[in-house]
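Since the structure comes first, as structure tokens, the remarks are kept for the end.
The values are calculated or read from the model by the stated rules, or taken from the named source; none is laboratory data. Please read all numbers here as calculations on a predicted model, not as lab measurements. In this analysis, Cβ positions are derived from the backbone assuming ideal geometry, glycine residues included, and neighbour counts consider all displayed protein chains.
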Amino acid sequence: MTEDTAFNASLQTVLAREISGFVSLRKAERLSGGASQETYRLEIESAQGVVTLAMRRAPGGEQVEPTPGHPGLAVEAKLMRCALQAGVPEPEVYYVLQPGDNLGDGFIMQWLEGVALGARVVRSPELDGVRPRLAYMCGEILARIHGVDLAASGLDQDLDVLSPADYVEQTWERYRAFDTPQPMIDYAGRWLLEHMPEGFTPALVHNDFRNGNIMFSPQGVVAVLDWEVAHIGDPMRDLGWICTNSWRFGRTDLPVGGFGGYEQLFEGYESVTGVPVDRERVKFWEVFGSFWWAIGCLGMAEHYRTGPDQTVERPAIGRRSSECQVDCVNLLIPGPVSLAAQAGPLDKADMPRIDELLVSVRDFLHNDVMQETSGRLNFLARVAGNSLDIVLRDQVLGPAARQQELSRLRDLCNVADGSLDELRWQLVHGLRDGQISLQTEGLAEHLRATVVNQVAIDQPRYSGYKTAIAAG
């Protein structure tokens, strides 16, 4: 029996037992996206006709023990049920998978129609009428989430409690375990600890409430999705996260998800809570959002190396860390920056040249493969082609960028030699142990130049890159 056959057989058994009126499974399609969990569209024949359901499960169909910051998919299903009772738009959860189902961790839920792709949310004409009201609606919904009674729901027994200081330290420690020197991440970590907000009222924090995890329709919000990293903590984390630049999809003029302004979000929140929003605390969490996602992106690359779901998507997301780092630059140390010069032409004697090989494969993926595929395979072909573009840009821009970085590091560390890797580590350790002050002369300029030149390689179309080069 093949893996797909076994999967369909197990799924059919569960559906027949748990879904009223079930007749047969017509199709189970894994959807594109969902880098941390798998999402399936299930089409079934039932006594009521053809019905569509959704299934969310752990990568590779594994049984995953809850870990700090990841309470597990069974708790995620419980969170969605509690949120629905509190007036938050949610799909109904029909069944939580059990070990004997042979499908791994996950749950089966109602299929809802709407727009969830962030880029479509900020641009699609079908949302033009409602878009100006979405930030206010999101503020109202966040207030309802934060108002969930933790004790009455039992969520106080399921979720970790994280103070702001603990959350910064936990996130920074996760990055340190990757054994990669990324000085801007350490700079941001130090800044956060030195600007820690005082006191907070613990509440349910969704922790990934952003454009891309919210489903919209022309009538408003259809559902809040992806509760997998919820915890109990400072509710302002959610307000800062939806304002983080990664989730504006190019609309830097509209900080709330690329569809609204800060004040609209705050007004919606205050209309439910009756308590003024602390703007400075939201700014702290906006900086933290870019810091957290910079590390989260590196985690995707680490998962590619060690995890069961080694798709082309994970290392591609890993390269997005530089996008988040340039957002930290723009928030904390904006200013002029010089861009590295392009390398000279490749040796024409090579037949074919390396760049020609890469371009031929990229074009094959973006043209031939994408024209002949759909769904997740089509999505992954696009990702693979984009990864080759990064390699092409690195060939042109990387040598000069790294040479200039090395020169700046030698000046900053006051040494005449040392490799790029050695000096990156020296700077990182100095930031971590406090030996290097955030106000050290030349530090901000070095970090800004390093990060901006890296994102020029990784994603020059990113809005944060354009903001950075315009700052000078």
Subject >> Selection within the stretch 421-472 - surrounded by 17 or more Cβ atoms within 10 Å (Cβ to Cβ), within 16 Å of TRP191 (Cβ to Cβ) and aliphatic (A, V, I, L, M) >> reply: LEU427, VAL428, LEU431, ILE436, LEU443, ALA444, LEU447, VAL451
Original post:
Restricted to the stretch 35-71, and to residues that are among the basic types (Lys, Arg) and free of Cβ contacts under 8 Å to residues at least 60 places away in the same chain, which residue is farthest from MET109 (Cα to Cα)?
Top reply: ARG57
**OP:** Could you please tell me which pairs satisfy a Cβ distance under 6 Å, a separation of 6+ or placement on different chains, a first residue in the stretch 217-245 that is free of Cβ contacts under 8 Å to residues at least 60 places away in the same chain, and a second residue that is part of a loop (DSSP other than H, G, I, E, B) and not aliphatic (A, V, I, L, M)?
**Re:** TRP241/ARG210; CYS243/PRO255
Subject >> Residue list for the stretch 269-284, restricted to those being surrounded by fewer than 24 Cβ atoms within 10 Å (Cβ to Cβ), in a helix (DSSP H, G or I) and not aliphatic (A, V, I, L, M) >> reply: GLU270, SER271, THR273, ARG279, GLU280, ARG281, LYS283, PHE284
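If you check ALA143 against the conditions, is it more than 21 Å from ASN245 (Cα to Cα), part of a helix (DSSP H, G or I) and out of contact with any Phe, Trp or Tyr (no Cβ under 7 Å at 6 or more places or on another chain)? Walk me through it before giving the result.
On the way: more than 21 Å from ASN245 (Cα to Cα): yes; part of a helix (DSSP H, G or I): yes; out of contact with any Phe, Trp or Tyr (no Cβ under 7 Å at 6 or more places or on another chain): no.
Criteria not met by ALA143.
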**OP:** From LEU357, LEU332, grab the single residue that is of a type in the set (A, V, I, L, M), touching a residue at least 24 places away in the same chain (Cβ under 8 Å) and assigned by TED's automatic domain parsing to the domain that holds LEU443.
**Re:** LEU332
Subject >> All positions within the stretch 94-117 that are touching a Phe, Trp or Tyr at 6+ places or on another chain (Cβ under 6 Å) and within 25 Å of GLY139 (Cβ to Cβ) >> reply: GLY114, VAL115
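This table checks each residue for (1) of a type in the set (Lys, Arg); (2) within 25 Å of GLN157 (Cα to Cα); (3) assigned by TED's automatic domain parsing to the domain that holds PHE216; (4) part of a loop (DSSP other than H, G, I, E, B).
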position: LYS27; (1), (2), (3), (4): yes, no, no, no
position: SER36; (1), (2), (3), (4): no, yes, no, yes
position: VAL64; (1), (2), (3), (4): no, yes, no, yes
position: ALA74; (1), (2), (3), (4): no, yes, no, no
**OP:** Could you grab me the full set of residues in the stretch 188-208 that are assigned to a helix (DSSP H, G or I) and surrounded by 22 or more Cβ atoms within 10 Å (Cβ to Cβ)?
**Re:** ALA188, GLY189, LEU192
**OP:** Please indicate, with yes or no, whether at least one residue in the stretch 164-187 is of a type in the set (Lys, Arg) and buried (at least 18 other Cβ atoms within 10 Å of the Cβ).
**Re:** no
**OP:** Considering every residue within the stretch 335-357, establish whether at least one is at pLDDT 95 or above and out of contact with any Gly (no Cβ under 8 Å at 6 or more places or on another chain).
**Re:** no
